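The values are calculated or read from the model by the stated rules, or taken from the named source; none is laboratory data. Note that the structure is a prediction, hence the values are computed from the model and not measured. When we count neighbours, we look across all protein chains shown, and the Cβ atoms used for this are built from the backbone with ideal geometry, even at glycine. The protein model used for the area step is the full one, side chains on, heavy atoms only, and it has no ligands, DNA or RNA in it. Shrake-Rupley method; radii C 1.70, N 1.55, O 1.52, S 1.80 Å.
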Amino acid sequence: MNRPLVGVLALQGDFARHQEALERAGCPNVRLVRTRAQLEGLDGLILPGGESSTILKLLRIEGLMEPLRQFPAPIFGTCAGMILLAREVSNPGQESLGLLDAHVRRNGYGAQRESFEAQEPSSLGSSPLPLVFIRAPWIEELAPESEVLCTSGGRPVLVRQGRVLAASFHPELTDDPTVHAYFLRMVAESMNGGL
Ligand code: GLN
């Protein structure tokens, strides 16, 4: 089978950490994406954490909003990336891609808990997942057909809808490759025509 080529949107944010996390999870073929042309031929794409309003501004400048809405392969957003994927964004509201049927509240965990870490069981494996939250969005509302893969404090923090995966935390900032390995399985499944 061909080795997957996975893109990481590299306009702003912690894209380099995602590249390293993909490599750790066994995917050496990573392309940093800054233009429409660089979306061509990708088998999957990651939207990193960072500042979603800044990434949004740069996406508009680069003419990437529509091509991302049409992106045909698995797509994974973490933190700011999850905000960009959502159908509806609040606190404050801003345009988004609408690929994840969810209402996401920016900085939902509030100033008091700006950054914190947790460990939670998940349906991805037997060991608890390390979760790093940084000014993290929370999922206010989620389409009922979504798969909730991990929750924290009673809220979903890792969810999947078909070929879309979204995390309110930063798996790329830990050395646990579980979540990236799961995304790579989605990519492999889609390359085999199964998604
Ligand atoms: N609070 C940021 C935003 O609204 C997201 C933070 C992050 O990605 N760590 O875009």
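Residue by residue through region 53-85, note down the ones that are closer than 14 Å to Ala167 by Cα, touching a Ser or Thr at 6+ places or on another chain (Cβ under 9 Å) and within 11 Å of the ligand (Cβ to nearest atom). Within region 53-85, Thr78, Cys79, Ala80, Gly81, Met82, Ile83, Leu84 qualify. Within region 13-29, residues that are under 23 Å from Leu59 (Cα atoms) reach no partner that is polar (S, T, N, Q) and within 12 Å of the ligand (Cβ to nearest atom) with beta carbons closer than 7 Å at six or more positions or on different chains. Scanning region 79-115 for residues that are touching a strand residue (DSSP E or B) at 6+ places or on another chain (Cβ under 6 Å), open to solvent by less than 30 Å² (accessible area, probe 1.4 Å) and not in a loop (DSSP other than H, G, I, E, B) yields Gly81, Met82, Ile83, Leu84, Leu85, Ala86, Val89, Ser90, Leu100, Ala102, His103, Val104. Scanning region 144-169 for residues that are closer than 26 Å to Gly110 by Cα, assigned to a loop (DSSP other than H, G, I, E, B) and touching a helix residue (DSSP H, G or I) at 6+ places or on another chain (Cβ under 8 Å) yields one hit, Ser168.
Quickly run through region 116-133 and pick out the residues that are at pLDDT 95 or above and either part of a loop (DSSP other than H, G, I, E, B) or of a type in the set (A, V, I, L, M, F, W, C) (or both). Hits for region 116-133 are Ala118, Ser123, Leu124, Leu129, Leu131, Val132, Phe133.
Per the listing Glu189, Glu172, the residue uniquely touching a helix residue (DSSP H, G or I) at 6+ places or on another chain (Cβ under 9 Å), of a type outside the set (A, V, I, L, M, F, W, C), at pLDDT 95 or above and in a helix (DSSP H, G or I) is Glu172.
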